[in-house]
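The values are calculated or read from the model by the stated rules, or taken from the named source; none is laboratory data. For clarity, every value in this text was computed on a predicted model and none was experimentally measured. In this analysis, Cβ positions are derived from the backbone assuming ideal geometry, glycine residues included, and neighbour counts consider all displayed protein chains. Protein only, heavy atoms only, side chains kept; ligands, DNA and RNA dropped before computing areas. Shrake-Rupley method; radii C 1.70, N 1.55, O 1.52, S 1.80 Å.
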Amino acid sequence: MLLNKLSGTFAVLAVTGSLFSQTVLAEESAETPTIFSAEMKATALELKDTAMEAGLAYELDESLSTEVGPRRVGTPGDRLGIKWAVAKMKALGFDKVWTEEVTHVYWERGEIEAEVTGPYPQRMTAIALGGSVGTPKKGIEAEVVEFENFAALEAAPEGSLKGKIAYVSYRMERKIDGSGYGPAVIARGYGALTAEQKGAVGYIMRSVGTDNNRLAHTGGQREDKGVAGIPAAALSNPDADILSNMIRRGQPVTFKLKQSSKRHDKKVVKTANVIGEVTGRETPEDYVILGSHLDSWDVGTGAVDDGIGVTITMAAAKHILDLPQRPKRSIRVVLFGAEEVGLVGVKQYLEKNRAELDHHVIGAEWDFGVGRIYDMKPGVGPQALNAIREMAELFAPMGVSLNAANDAKGDSDLSLLGEAGMPAVEFAPDGSLYFDYHHTDNDTFDKVDPEAMKFNTAIYTMFTWLAAESGVDFRK
Ligand SMILES: [Zn+2]
């Protein structure tokens, strides 16, 4: 939070500084040299008005969450989502639309029953973590050992959890920039594997979420260090409170978990990255890339995660398609598949498109927040910062600051392309409410704010068009 506020202050200084140096230049010569011509800036402002009036992203997200709904990889909803996206992109008039196959293995959620069996028997609201194995048919019942966070679990001696259910009760902090997620999500990523290594027979954790609903948050486990062989589930925040209060009373608390989830590691499922192109009029082989992910979890309808990103990026491209002529460079809207299960779609995209990586001029992804963008952070070469500053001057009256840091890699999927060398911009929206809904039954269309959708689409449209119309080399 503090860091964020500080960088906001520097951002104001940076913008003011650049205005000042331009004033000095203007005194020296009649014409202020700018990277984007007055005409380009005027078109960008027209695109802003179009997006603010149209409300297209909101309409598209309503369509996606009503006609398709949840899109977990390998499910019928996932396949329907791909069909929906291809048909929609064609209907919107994209110059080219295609899919690139992505493969993954299947996981079955099954059913779950969780309860405290003693000394204060109560049912618990829980959800299986993605990739979890199930329990034996009659379930497991064992004493719970609580850890205040993942580090405490990691510090538990080898063998100390033999026959126990490990429980991490760390609560995620609500922050505008979502920075509470990292310290909390590690318990989801590696908790079960770590607990198993200490001898535990099961793993439960407080949901990674900021709400007080009696709804648990699902999400993937990391598998880069190995696959956990014990069942793993998350409790809703109120249930985690109840359980911790029971444990605090000092008597051993026993917990029963019955879970029929199942890994099908040999069952390969096919999904896809869906790509829509606006073909550039001068250098079509170079493209600005807009990312999001089309898959979602199976709870909720994925209207927020990442229906918002899918539809903002599609709408931004559509507004540019409606201009009298195409921009100089191409624009690729990539709806990645299988993001939720470990950035699988973008990994396969990178393998397939590595030879073309130099032609990925710059990228931006949306995979966070339901609020408005308030900050823009670049990750470009030092010379290209001048172009970023000029963009930021157009966004400043909208209340969007320019972050003083220049280390953006791109969000979610695009972060892998960013790490591989693609310049990127990260637009930070107000994420205060995001983790109330994230990966729950409550990720539904009513959470999508139509005015924020217009505003954010306007920013993405302006950014994308300026980057695609200019000849700026964002790597330099
Ligand atoms: Zn997401």
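Scan segment 103-118 and give yes if some residue there is surrounded by 17 or more Cβ atoms within 10 Å (Cβ to Cβ), farther than 28 Å from residue 327 by Cα and of a type in the set (Lys, Arg), otherwise no.
yes
In segment 177-202, which residues are touching a strand residue (DSSP E or B) at 6+ places or on another chain (Cβ under 8 Å) and outside any helix (DSSP H, G or I)?
177, 198, 200, 201, 202
Is there a residue in segment 353-369 that is part of a loop (DSSP other than H, G, I, E, B), at pLDDT below 95 and open to solvent by less than 10 Å² (accessible area, probe 1.4 Å)?
The initial filter retains those residues of segment 353-369 that are part of a loop (DSSP other than H, G, I, E, B), namely 366-369.
After this cut, where a residue has to be at pLDDT below 95 as well, the list is 369.
Now restrict to residues that are open to solvent by less than 10 Å² (accessible area, probe 1.4 Å): 369.
Scanning segment 353-369, I find at least one residue that is part of a loop (DSSP other than H, G, I, E, B), at pLDDT below 95 and open to solvent by less than 10 Å² (accessible area, probe 1.4 Å), so the answer is yes.
When the residues of segment 263-292 are filtered to those that are under 14 Å from residue 98 (Cβ atoms) and among the hydroxyl-bearing types (Ser, Thr, Tyr), which remaining residue is surrounded by the most Cβ atoms within 10 Å (Cβ to Cβ)? Please lay out each step first, then the result.
Of segment 263-292, the ones under 14 Å from residue 98 (Cβ atoms) are 272-279, 287.
From what is left, the residues that are among the hydroxyl-bearing types (Ser, Thr, Tyr) are 279, 287.
Details: 279: 16, 287: 25.
The residue in question is 287.
Any chance you could count how many residues in segment 232-245 are open to solvent by 10 Å² or more (accessible area, probe 1.4 Å) and either hydrophobic (A, V, I, L, M, F, W, C) or not in a helix (DSSP H, G or I) (or both)?
Summing the residues that are open to solvent by 10 Å² or more (accessible area, probe 1.4 Å) and either hydrophobic (A, V, I, L, M, F, W, C) or not in a helix (DSSP H, G or I) (or both) in segment 232-245 gives 1.
Could you name every one of the helices (runs of 4 or more DSSP H) located completely within segment 1-113 that has at least 1 residues being more than 27 Å from the chain's Cα centre (by Cα) and at pLDDT 95 or above? Walk me through how you get there before you give the answer.
Details: elements: 2-28, 38-54, 56-67, 76-92.
Answer list for segment 1-113: 38-54.
Does residue 152 qualify as being touching a residue at least 40 places away in the same chain (Cβ under 8 Å), of a type outside the set (Phe, Trp, Tyr) and not assigned by TED's automatic domain parsing to the domain that holds residue 447?
On the way: touching a residue at least 40 places away in the same chain (Cβ under 8 Å): no; of a type outside the set (Phe, Trp, Tyr): yes; not assigned by TED's automatic domain parsing to the domain that holds residue 447: yes.
Taking the combined requirement at face value, the residue does not satisfy it.
In this structure, does residue 432 turn out to be surrounded by fewer than 19 Cβ atoms within 10 Å (Cβ to Cβ), under 23 Å from residue 184 (Cβ atoms) and polar (S, T, N, Q)?
Considered against the rule, which asks whether it is surrounded by fewer than 19 Cβ atoms within 10 Å (Cβ to Cβ), under 23 Å from residue 184 (Cβ atoms) and polar (S, T, N, Q), residue 432 comes out as yes.
Out of (1) open to solvent by less than 10 Å² (accessible area, probe 1.4 Å); (2) more than 16 Å from the ligand (Cβ to nearest atom), what's the single condition that is false for residue 252?
Looking at each condition in turn, residue 252 falls short on (1).
To keep it simple, each residue is scored yes or no on (1) out of contact with any Leu (no Cβ under 8 Å at 6 or more places or on another chain); (2) crowded, with 20+ Cβ neighbours inside 10 Å; (3) not hydrophobic (A, V, I, L, M, F, W, C).
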residue	(1), (2), (3)
376	no, yes, no
383	yes, no, yes
391	no, yes, no
394	no, no, no
401	yes, yes, yes
406	no, no, yes
413	no, yes, yes
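Taking the options 312, 331, 373, 388, name whichever one is away from the ligand (no atom under 16 Å from the Cβ) and within 16 Å of the chain's Cα centre (by Cα).
On the way: 312 fails: away from the ligand (no atom under 16 Å from the Cβ); 331 fails: within 16 Å of the chain's Cα centre (by Cα); 388 fails: within 16 Å of the chain's Cα centre (by Cα).
It is 373.
List the residue pairs whose Cβ atoms are under 6 Å apart, where the first residue sits in segment 161-188 and is more than 18 Å from residue 131 (Cα to Cα) and open to solvent by 50 Å² or more (accessible area, probe 1.4 Å), the second is of a type in the set (Val, Ile, Thr) and not in a loop (DSSP other than H, G, I, E, B), and the two are 6 or more positions apart or on different chains.
Partner pairs satisfying both residue conditions: 164/145.
Quick check on segment 282-304. Is at least one of its residues away from the ligand (no atom under 13 Å from the Cβ), under 25 Å from residue 106 (Cβ atoms), in the same structural domain as residue 69 (by TED's automatic domain parsing) and of a type outside the set (S, T, N, Q)? Steps first, answer last, please.
Step one: filter segment 282-304 for residues away from the ligand (no atom under 13 Å from the Cβ), giving 282-290, 298-299, 301.
From what's left, under 25 Å from residue 106 (Cβ atoms): 298-299, 301.
Keeping just the survivors that are in the same structural domain as residue 69 (by TED's automatic domain parsing) gives 298-299, 301.
Then drop every residue that is not of a type outside the set (S, T, N, Q), which leaves 298-299.
Checked against the condition, which is being away from the ligand (no atom under 13 Å from the Cβ), under 25 Å from residue 106 (Cβ atoms), in the same structural domain as residue 69 (by TED's automatic domain parsing) and of a type outside the set (S, T, N, Q), segment 282-304 yields at least one hit.
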